[in-house]
Amino acid sequence: MFNKKILIYFSKTHLFLYYKELNHPIKLEFEPSTVYDLENVDVDWIRVKLNSLLKKTKLKNSRGVMILSKDLVFDRIVNEETQNEKDFEVKDFIDNIPLQADLIRYKEFVRDDNILITATNKKLYESLINLLKEFGIHVYSVLPEIAFSKVEFNKTFINELLKQNELLKYGNFIDDGTDKNKINFKINLNH
């Protein structure tokens, strides 16, 4: 059904597409207004540019994971002692993100006694997911870059990433936020 596994790296300034048969990722540099105010994406501009970039690739029926760059997310480390204090800190963080509440998706990553809360605007990745679907690329997981010790564009990284079932499930921004499981922070994919 899906013939290629693809890694998509999305930031305010560029988009990388990488699959195992490439020596280097396909890179699309954005205009300054392509992603603005962490609220809007110029999908039409990206569509035109991707169309010319992807003409020679065979990415139909590809399945991929999208990693959101640090410049597309908000984050805060919470290390309060009690559950009530932690809940208050999480709520305060979410309430102070300069986006409409219904656009915010967040995840919690655990490291020792700390919790890293990372949030983003779902409109950003959803618009890109819908656009990539037009090119035959199905994105099934959207993860924050901050969950990784390092993002690399090579076969080993993709293979290790795709084995991280817990991360792909619980760290995924695509879900509706009802699954409150927390996962370990800083997944090290460089074994």
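Mean separation of Cα pairs under 8 Å and 6 or more residues apart, divided by the residue count, gives segment 107-179 a relative contact order of 35 percent.
Taking Cα atoms only, the orientation of helix 83-95 departs from the longest principal axis of the chain by about 50 degrees.
Near Tyr140, within a Cβ-to-Cβ distance under 12 Å, what is the net charge of the other residues, with Lys and Arg +1 and Asp and Glu -1?
Working: positive: Lys5, Arg63, Lys133, Lys169; negative: Asp175.
Every neighbour counted, the sum reads +3.
Of all the C-alpha pairs in the chain, what % are more than 20 Å from each other? Result: 55 percent of Cα pairs exceed 20 Å.
Helix 122-134 and the longest principal axis of the Cα set of the chain meet at an angle near 20°. Among beta bridges from DSSP that stay inside the chain, the antiparallel ones total about 60%. Length available on full extension from His138 to Tyr36: 0.36 nm per residue minus the Cα-Cα distance, which gives 34.3 nm. Residue ranges 19-29, 65-75, 128-138 sort as 65-75, 128-138, 19-29 when ordered by packing (mean number of other C-beta atoms within 10 Å per residue, highest first). Within segment 68-105, the GluC sites (Glu not before Pro) that combine a DSSP coil assignment with at most 11 other C-beta atoms in a 10 angstrom radius are Glu81.
We did not get these values from a lab; they are worked out from the coordinates using the rules stated. What you are looking at is a predicted structure, and each value in this text was computed from that prediction instead of being measured. Virtual Cβ from ideal backbone geometry, glycine too; neighbours counted across all protein chains shown.
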